[in-house]
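The values are calculated or read from the model by the stated rules, or taken from the named source; none is laboratory data. The structure displayed is predicted, hence computed values, not measured ones. Heads up, the Cβs are rebuilt from the backbone with ideal geometry, glycines too, and the neighbour counts pull from every protein chain shown. What goes into the accessible areas is simple: the full protein's heavy atoms, side chains included, and nothing from ligands, DNA or RNA. Shrake-Rupley method; radii C 1.70, N 1.55, O 1.52, S 1.80 Å.
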Amino acid sequence: MKTLFVSYRVTDLDRSLGFYTALGYVELGRVQGGDAGHLVILKFPGEPAASLELVHRPVGGRVDVGTGFDHLAIQVDTLAATLERLTDAGLEPGPVQYPGGAHGPKTSWLTDPDDYRIELVEWPPGHPDGITAADFS
């Protein structure tokens, strides 16, 4: 088994699509479901398959994220370049942080139009893609 994608319910589909395409996602496809909702499937250009689904249910009203969801983590190649691109696109990423110390990963946070939190992560040189068992040994 493997995780297929994360699905977010969104209040304003066009506003959320603008945010996530500015972040770097591209649209893979759509499913129009009338009052039941509209789905937009997204991925990053280098990904082989979908990684994010936006669900818009117009009759559902404003989305309330609640307290159960924490954040979506996205790996980036160069955090400084990503933050510059996002700022130029009108997004507001937070300052660079070093949660593992000076030789650990660099991170920055931003929030989407429905208040979902996103953590951008740049691994230190030599670190493999993603989080592996080696990160816990």
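Odds and ends about this structure:
- Exposed-site-free run, longest, the chain (rule: trypsin sites (Lys or Arg not before Pro); DSSP loop; at most 12 other C-beta within 10 Å): 63-137
- Taken per residue, the accessible surface of the range 62-137 reaches 63 Å², heavy atoms only and a 1.4 Å probe.
- Inter-label distance for ALA134 and THR3, nm, one decimal - labels placed 7 Å from Cα along Cα-to-Cβ: 2.1
- Rolling a 1.4 Å probe over the protein heavy atoms of the chain, with every protein chain left in place, gives an accessible area that is 55 percent carbon and sulfur.
- Value of relative contact order over the chain, rounded to a whole percent, pairs C-alpha under 8 Å and six or more apart: 21
- For the chain: Kirkwood Rh in Å [reciprocal of mean 1/r, alpha carbons]: 16.3
- Size estimate for the range 61-137 follows the Kirkwood approach: the inverse of mean 1/r over distinct Cα pairs works out to 13.9 Å.
- Full-stretch length increase - ARG15, GLU84 - with 0.36 nm per residue and alpha-carbon distance subtracted: 22.8 nm
- Simple point charges give the picture: +1 on the Cβ of Lys and Arg, -1 on the Cβ of Asp and Glu, and for the chain a dipole about the Cα centre of about 240 debye.
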